[in-house]
Amino acid sequence: MFNSLIAMPADPILGLLTQYREDTHPQKIDLGVGVYKDPAGNTPILNCVKKAEKFRLDTETTKVYIGPTGSAKFNSLMTELAFGEDHSAILANRIRTVSTPGGTGALRVAGDFIKRCNPNSVLWVSDPTWANHVGLFEAAGITVKTYPYYDYDTKSLKFDEMLTALSQIGADDVVLLHACCHNPSGMDLTTEQWDKVVALTKQQGFTPLIDMAYQGFGDGVDIDAYGVRQMAAAVDNMILCSSCSKNFGLYRERIGSCSVIAKDAARADIAQSVLLYVVRCLYSMPPAHGAAIVETILESAELKQEWLAELQVMRDRINGNRAILVDKLKANGVDRDFSFIARQKGMFSFLGVNPEQVERLKKEFSIYMVGSSRISIAGISEDNVDYLAQSIAKVL
């Protein structure tokens, strides 16, 4: 059975991580892995999470399955967090949400759901997009194509080209949009651009699938959900995939959610029945622990405020890292304009150096990033930014 298998290529980011761990250089820097790090290079457990876990430990009475939808309370609170408590789609009972194993699980549930809606749908993703998007949807049997998004030369959006491409997509297809903190470019739509995309989506009739993996990491919980909320108010059908990995720091707990918005409550019930069939075939029941932590935090006014404060610390640190890197590059005599890094949002940016320069940074200076020059901003710290800027200046 296994003799005909051909080895798959290793994940480039995981390969970089292995090389980084084996590197003995005292000033080595990891800018590859996309997880939040504090100034000491650690990915801490949030204090509000520790308190919620203690409450969970003290009050949990069983390990029995929670059902394929997951916790109803978690689903309700995640829906309100994404759409706002008084959103018209919530008030009209048009949204159905299920718990999933992380944001990746939510995307795969969405993929299988789309396949059941229309087996011939084409799913359009931005160029570039998160590397795993294409594999996830192709594994669900969906054809994936790209629309223009990021201009590597000008370090800006190809917004006019994006609109032109979307205006040619028909009602049978699905368009994936990043809610905020675009991965990997860091270049987000403005509110005005979102309004134009929403209007075009309504005009063309295609189904928007919004991936919101970083709510709260851009400008704030509500601002980051602007596109999600505008879209849900304007269109009859929509899918939202959310993750708690980054904003709650629950990476290994693997908890997220998938929401479908239908034209009315009756159609939403039908859509949910299909969602639950998909869930049953994929993993049967979602994990409970991470969901319990999130619902404990969001249900408590005190813990929610503590979470928002800790989230702001993470957000401010990332934005601060962007600004300090730009300043240090200038201080090291770099004439090239890197100000785009400070204008972008979230965990990632393209540094804009070529593959040969990326390789030099790794071999000569032990600075690790993927070949596209995508860097994880959280890997920068006050302790390493001078060395990082000096090294970049030497390879330019």
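The values are calculated or read from the model by the stated rules, or taken from the named source; none is laboratory data. All of these numbers come straight from a predicted model, not from anything done at the bench. When we count neighbours, we look across all protein chains shown, and the Cβ atoms used for this are built from the backbone with ideal geometry, even at glycine. Only protein heavy atoms, including side chains, enter the accessible area calculation; ligands, DNA and RNA are left aside. Shrake-Rupley method; radii C 1.70, N 1.55, O 1.52, S 1.80 Å.
Rundown of residues vs (1) outside any helix (DSSP H, G or I); (2) without any contact (Cβ under 8 Å) to a residue 40 or more places away in the chain; (3) β-branched (V, I, T), yes/no style:
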{"position": "A171", "(1), (2), (3)": "yes, yes, no"}
{"position": "D188", "(1), (2), (3)": "yes, no, no"}
{"position": "Q203", "(1), (2), (3)": "no, yes, no"}
{"position": "D219", "(1), (2), (3)": "yes, no, no"}
{"position": "V260", "(1), (2), (3)": "yes, no, yes"}
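Scanning the stretch 262-276 for residues that are part of a loop (DSSP other than H, G, I, E, B) and under 15 Å from R116 (Cβ atoms) returns a single hit, A262. Residues in the stretch 232-258 that are over 17 Å from N75 (Cα atoms) and either assigned to a loop (DSSP other than H, G, I, E, B) or open to solvent by 50 Å² or more (accessible area, probe 1.4 Å) (or both): A233, V235, D236, N237, K246, G249, R252. Scanning the stretch 5-42 for residues being of a type in the set (A, V, I, L, M), surrounded by fewer than 16 Cβ atoms within 10 Å (Cβ to Cβ) and closer than 25 Å to E382 by Cβ gives a total of 3. Residues that are in contact with a strand residue (DSSP E or B) (Cβ under 7 Å, 6 or more places away or on another chain) and open to solvent by less than 40 Å² (accessible area, probe 1.4 Å) were ranked within the stretch 132-150; the one that is farthest from L189 (Cα to Cα) is I142. Apart from one condition, R322 fits all of (1) of a type outside the set (V, I, T); (2) open to solvent by 10 Å² or more (accessible area, probe 1.4 Å); (3) under 14 Å from S185 (Cα atoms); the exception is (2).
Going through (1) outside any loop (DSSP other than H, G, I, E, B); (2) open to solvent by 20 Å² or more (accessible area, probe 1.4 Å); (3) over 24 Å from P68 (Cα atoms) one by one, D153 falls short only on (1).
In the stretch 177-186, the count of residues that are farther than 17 Å from M231 by Cα and aliphatic (A, V, I, L, M) is zero. Among the residues of the stretch 354-377, those that are of a type in the set (A, V, I, L, M) and either at pLDDT 95 or above or open to solvent by 60 Å² or more (accessible area, probe 1.4 Å) (or both) comprise V358, L361, I367, M369, I375, I377.
If you go through the stretch 102-117 and keep only what is open to solvent by less than 40 Å² (accessible area, probe 1.4 Å) and of a type outside the set (V, I, T), you end up with G102, G103, G105, A106, L107, A110, G111, D112, F113. A single member of I367, I341, I375 is farther than 17 Å from S185 by Cα and in contact with a strand residue (DSSP E or B) (Cβ under 9 Å, 6 or more places away or on another chain), and it is I367.
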